[in-house]
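Working notes, structure below.
The values are calculated or read from the model by the stated rules, or taken from the named source; none is laboratory data. The model shown is predicted, which means the values in this text are computed figures rather than measured ones. In this analysis, Cβ positions are derived from the backbone assuming ideal geometry, glycine residues included, and neighbour counts consider all displayed protein chains.
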Amino acid sequence: MRMAGESSVLLVSAAPRRLRNADSAWPYRQDSDLHYLTGFPEPDAVLALLPGRAHGEAVLFCRERDAAQERWHGARLGTERALATYGVDDAFPIDDIDDILPGMIEGRARVYCDFGREPDFDARLLGWMRRLRQLRGGGVVPKEFVALGHLLHDLRLYKSRAELSLLREAAAIAIRAHRAAWQVALPGSREYEIEAELLKVMRGQGAVPSFVPTVAAGANACTMHYQGGRSVLHQGDLLLVDAGAEWECYASDICRTIPVSGRFSGEQRALYELVLAAQQAAIAEVRPGRAFAAAHETAVQVLVEGLCVLELLRGDPGEIVAAGGYRRFFPAKTGHWLGLDVHDVGDYRVDGESRMLEPGMVLTVEPGLYVAVDDSTVDARWRGIGIRIEDDVVVTKEGNEVLTAAMPKEIADIEALLTAR
């Protein structure tokens, strides 16, 4: 609030409930910004931060207790428990917000909010402004509406010790889920059976998936965000599994690629070793004072040089990198911020330059190679191979910590685990 200034108000709305179809709702998940500021878990809520307010600067509007509604949908916190539990200074019924909030906003110069993200909240905000103008004598309406993201999201980029503890637990759960999935990734099983094992382990430990898992057998792995889920795993296939767990709203994100038979073929081994080398070189670039883009640039360099050695690319590696000639094999970036969201908030560039890494930042490192099944420019033995290796990495004062280091990725370790099934 000191960053926003005394003459401001910050408004953060809870995530709306969303319908899957007809009257069937998706499981509720709180807005990440509201969770970050309060931990309050319910819908139909608005947080107002009012610097300098005499009766308390943090005000929460939320649902009241309602026995009839609670009989159908479960207990509500209500204003009293919200006040006692979530660190706010004041709590009012959400049904009274139209009468109370305009007066709180009156006289402030600017409003920080996520205007333009949720149409229903935008409409309410405009309604509050109209009501403010109708106050006796004419209320003083804020002159500026400012995007909240550039203040709040920069704070979210730097994880506290408590946040890192939650991220470590999310990573640990995801690791257990991946390892369990390997045990059922046998020839003849289907992709959805592997996904079922992932979800079983995550839900069995009180977590939820942080995104819809990618479980891609054979050439399906060449589709970056494959979601088919019904293909059969065949002897000789690779299986790419990209899945993460969400624990207390904090996410993990792991990808591994394994041979269904338990042993890599010669071509699979060659490309896997290249991706692993690129990832290890990229992780070494994750340290204070290095640019966010350095990990990607290093991974690309390693991949291109290796592809030239294997003759999947031909020419000078430097020229290939400059021209982007590698993108048909690696069209993605090498990572993203990680936190309350899988693709977490935070600018990747500052003043036109790649952002410098600092302690407390958390990111993924995930190079890959994807040789399309119909790529006639390469020998047939390479076609249909898709490989990605992804880990979660926190920047520390000394360098980095790989939160997902316990998930095997060396070929010898993978093969030993698979052949012991």
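Values computed for the structure shown
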item: Output for the range 5-33, where each listed residue is aliphatic (A, V, I, L, M), touching a Leu at 6+ places or on another chain (Cβ under 6 Å) and within 15 Å of ASP114 (Cα to Cα); result: VAL9, LEU10, VAL12, ALA14
item: Selection status of LEU167, buried (at least 19 other Cβ atoms within 10 Å of the Cβ) and not assigned by TED's automatic domain parsing to the domain that holds PRO408; result: no
item: Residue within the range 293-307 that is among the small types (Gly, Ala, Ser) and free of Cβ contacts under 8 Å to residues at least 60 places away in the same chain present; result: yes
item: Only one of VAL201, VAL208, VAL184 that is modelled with pLDDT of 95 or more, in contact with a helix residue (DSSP H, G or I) (Cβ under 9 Å, 6 or more places away or on another chain), outside the structural domain of LEU37 (by TED's automatic domain parsing) and over 30 Å from THR396 (Cβ atoms); result: VAL184
item: Residue that is nearest to GLY384 (Cα to Cα), among those in the range 200-240 that are under 21 Å from the mean Cα position of the chain (by Cα), among the hydrophobic types (A, V, I, L, M, F, W, C) and surrounded by fewer than 18 Cβ atoms within 10 Å (Cβ to Cβ); result: MET224
item: Enumerated strands (runs of 3 or more DSSP E) restricted to the range 309-404, each holding at least 2 residues that are in contact with an Asp or Glu (Cβ under 8 Å, 6 or more places away or on another chain) and either buried (at least 19 other Cβ atoms within 10 Å of the Cβ) or in the same structural domain as GLU285 (by TED's automatic domain parsing) (or both); result: 362-365, 391-395
item: Hits in the range 1-28 (condition: surrounded by fewer than 17 Cβ atoms within 10 Å (Cβ to Cβ), hydroxyl-bearing (Ser, Thr, Tyr) and assigned to a strand (DSSP E or B)); result: SER24
item: Members of the range 29-50 that are in a loop (DSSP other than H, G, I, E, B) and either polar (S, T, N, Q) or modelled with pLDDT under 95 (or both); result: GLN30
item: Failed condition for ASP89, given (1) surrounded by 13 or more Cβ atoms within 10 Å (Cβ to Cβ); (2) touching a residue at least 40 places away in the same chain (Cβ under 8 Å); (3) acidic (Asp, Glu); result: (2)
item: In the range 225-236, the residues that are in contact (Cβ under 8 Å) with a residue 24 or more places away in the chain and either in contact with a Pro (Cβ under 7 Å, 6 or more places away or on another chain) or under 17 Å from GLU193 (Cα atoms) (or both); result: GLY228, GLY229, ARG230, SER231, VAL232, LEU233, HIS234, GLN235
